[in-house]
Amino acid sequence: MQEAEVKVRKRRLERAIKARTDTVFVIASPGDILYVLAPRVVPMAILLLLPLFVGGYHSKVIVHACVVGLLALSWELLASCGLFSLGQSLFFGVGAYMAGAMDKYLHLPIWVTIPVATLGGGALCALLLAPVVRLRGVYFAMVTLMLPILFKQIIEAWGILGGTHGLSGLTAFPNEWLDKYLIIVAFITVLFGLRSLITSDYGLVLKAIADDDRAVMSAGINIYSRKVQALFIAASVASFAGAFITHHYQFAGFSVFALDWAILPLAAAAVGGTGSFAGAALGSMILVPLSEALRAMGGLRMAIYCAILVFAVLALPEGIFRFLERKYQEFETVIEVK
Amino acid sequence: MSAETLLKVEGLGKSFGGVMAVSNVDFELKRGDFLGVIGPNGAGKTTLVNLITGFVKPSRGKVIFNGKDITGRKPYDIANMGVARTFQMVRLFHNMPAYKNLIIPLCSQRVRKLRGGKYGERDDVAIDLLDDMGFERTSNVPYKTAGSLPHGYLKRLDLARALALRPDLLILDELFSGMSMAEVAGVLPIIEKLNTQGLTTIMIEHRLRELFRVVDRVMVLNFGVKIAEGSPDQVMDSDEVKKAYLGVDVEIPRGKPA
Ligand SMILES: Nc1ncnc2c1ncn2[C@@H]1O[C@H](COP(=O)(O)OP(=O)(O)OP(=O)(O)O)[C@@H](O)[C@H]1O
Ligand SMILES: [Mg+2]
């Protein structure tokens, strides 16, 4: 018999590690651990360390990206249970004004205004939208689009909450590090929190509602109360971002109800890839810095920005995140066959 | 088993823009009964199921389940009271692995109560149920995306989803349509066994031979009206039933002249 030559075959790490389901991993070696952890840990480490090395302006961009990121995550949660929102600015604005009003009129400290505006904003928005969760698709979207405009008009017409001037001279964060890291840590926490929520049985029910709401009803689940719960969570996340921005700029005005806050998160989710929270997060981290970088272009900024958006969506309809994920899963190692 | 009434339908009617899909239907089910419902296409069988399960609001009449008036209640409330159904056109969560489809009913209030508020192990319960339905636990079938499974499996998955609710009343809307002979032969004994264990069942079926093997009683609908009710033999002897089926391509079993 001839001496057998060493046979090799390629092995996809992904296939070996993932056993049957998305949640069970079979980890055999340090290499496997690295493979599983790297895409989770590395981007977060970069985001956490970056503010230590970049200056004031770039820090502002990171903060802005995290705010849009929170709005995009909130949008994605609603989308996962079949609610298409064009009203992220509603949640954002309600949180911003709530925190602003508590600061201005009640002189409450930041550690009270932000949590109360987060939960209160979530509750108020869930309550406002509860009657329309029965509406499907575009009808729900239209209502969410109208409400921020309505709020703006009310504030303007009645001159409440500072009227057209807004609420200014509000309390700032005690120091800039708390300011920056509060939003970064919140963004990362919400990202991983929502990811584990959606993979839980609770999240499975939400996704099922988007799939086939009649089948969910016949399984004994009150789909309307589940949708209102999802609205509460999503609106709380966005209201937190609003409350944060109020104290960040020490100001709350009409700008929080601007369409930008509704459109940017949606664009981020589309570019990053809808159907995953990581996609929405990644989209925000790409789009916000891109939009800042384009400021140098002057008048053509918006045109170029839109062209890039359209190109991104056409070139990668699955989204940047799914594309990267797929490539990563195709990563192979060579192993010896005995 | 006491012969208490589980379901009582009184003068139930539904019109869709003037067309009476179901009109003035009365019937009663005792606990443990097995009722077959037959009738030509468009007779109102599916509408009757939708009326009982709350998916369609009745124009008139009453549905009383377990002593409670459930007329016009929400589908999820009716499901939580113990009425489970399958759909003529399967309604499943096609993007999920097959066994995850069963997690949804397992998350319902009803199952939570029946399991004594015990959470967790839902995956195991789901796999057990699917195994009973012929999705072998040792194969990868239960873990495959539902949308990728053949039709016969989807029908059985729909049945498993209904059973996961641990219903007191099971309503099957043409479960066997599109199933192969072998698949029907696999599922029929399961349904029969569940009924002998006390599960009250309503079965709508075009495949009369299989239906008549398992049911105690048959109700015939035609143009939304109940035209006959009784044992399979009695019903198929009725002139009105023969007339309703005349010219319709349905096999009348036992070789009786149609
Ligand atoms: N949502 C609806 N809107 C309008 N008409 C309807 C609706 N649902 C059913 N119908 C009508 O009601 C009648 C009964 O329909 P149904 O689906 O209950 O019949 P079926 O006995 O289940 O028929 P099949 O054997 O084909 O399943 C039909 O004439 C149908 O067109
Ligand atoms: Mg039908």
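Bear in mind these aren't lab numbers, they're just calculated from the coordinates by the rules spelled out. As the structure is a computational prediction, the values presented were derived from the model and not from experiment. Positions of Cβ are backbone-derived with ideal geometry, glycine not excepted, and every protein chain shown enters the neighbour counts.
Mean residue ellipticity at 222 nm, helices only, chain B: -9000 deg cm²/dmol; runs of at least 4 DSSP H residues each add -39,500 (n - 2.57), and the sum is divided by the number of residues.
Taking a threshold of 25 Å on the Cα-Cα distance, which of the pairs B:Lys68/B:Lys100; B:Lys30/B:Lys242; B:Lys45/B:Lys242; A:Lys104/A:Lys227; B:Lys8/B:Lys57; A:Lys104/A:Lys180 fall above it? Pairs exceeding the cut-off: B:Lys68/B:Lys100; B:Lys30/B:Lys242; A:Lys104/A:Lys227. Put a plus charge on the Cβ of each Lys and Arg, a minus charge on the Cβ of each Asp and Glu, and nothing anywhere else: the dipole of the protein assembly as shown about its Cα centre is then about 280 debye. With 31 Å as the limit on Cα-Cα distance, the pairs of A:Lys207/B:Lys226; B:Lys14/B:Lys155; A:Lys207/A:Lys327 that go past it are A:Lys207/B:Lys226. Within the straight-line cut-off of under 18 Å between alpha carbons, the aspartates and glutamates reachable from A:Lys60 are A:Glu176, A:Asp179, A:Asp260, A:Glu292, sequence neighbours fewer than 8 places apart in one chain being disregarded. Straight Cα distances below 20 angstrom link B:Lys243 to the aspartates and glutamates B:Glu205, B:Glu229, B:Asp233, B:Glu251, with same-chain residues fewer than 8 positions distant left out. Semi-axes of the equivalent ellipsoid for the protein assembly as shown, computed as √(5λ) from the eigenvalues of its C-alpha gyration tensor and ordered from largest down, come to 53, 33, 20 Å. Placing +1 on the Cβ of every Lys and Arg and -1 on the Cβ of every Asp and Glu, with no other charges, gives the range A:55-332 a dipole of roughly 280 debye about its Cα centre.
Across peptide B:82-93, the mean count of Cβ atoms from other chains lying within 10 Å of each residue's own Cβ comes to 3. When the P(r) of the range A:55-332 is calculated, the portion above 30 Å amounts to 29% of the C-alpha pairs. Whole-Hz Karplus values for the range A:154-170 come out as 5, 4, 5, 5, 8, x, 7, 6, x, x, 5, 7, x, 9, 10, x, 7 Hz, taken residue by residue from phi with 6.51 cos²θ - 1.76 cosθ + 1.60 and θ = phi - 60°; glycine and proline positions read x. The residues packed around A:Ile304, meaning those with a beta-carbon under 14 Å from its beta-carbon, carry a net charge of +1 if Lys and Arg are +1 and Asp and Glu are -1. About its Cα centre, chain B has a charge dipole of approximately 820 debye under the convention of +1 per Lys or Arg Cβ and -1 per Asp or Glu Cβ, with nothing else charged.
Along the range A:46-60 the Karplus relation, 6.51 cos²θ - 1.76 cosθ + 1.60 evaluated at θ = phi - 60°, assigns HN-Hα couplings of 4, 4, 6, 8, 3, x, 6, 10, 10, x, x, 4, 5, 4, 4 Hz to successive residues, with x for each Gly and Pro.
For the segment B:105-111, counting C-beta atoms of other chains within 10 Å of every residue's C-beta and taking the mean gives 5. Entry note, the range B:145-221: relative contact order of 34 percent, from Cα contacts under 8 Å with a spacing of 6+ residues.
Each residue of the range B:129-141 is assigned a 3J(HN,Hα), and the resulting list reads 4, 5, 4, 4, 8, x, 8, 4, 5, 7, 8, 9, 4 Hz, derived from the Karplus form 6.51 cos²θ - 1.76 cosθ + 1.60 (θ = phi - 60°), x at Gly and Pro. Principal-axis analysis of the Cα atoms of chain B puts helix B:181-196 at an angle of about 90° to the longest axis.
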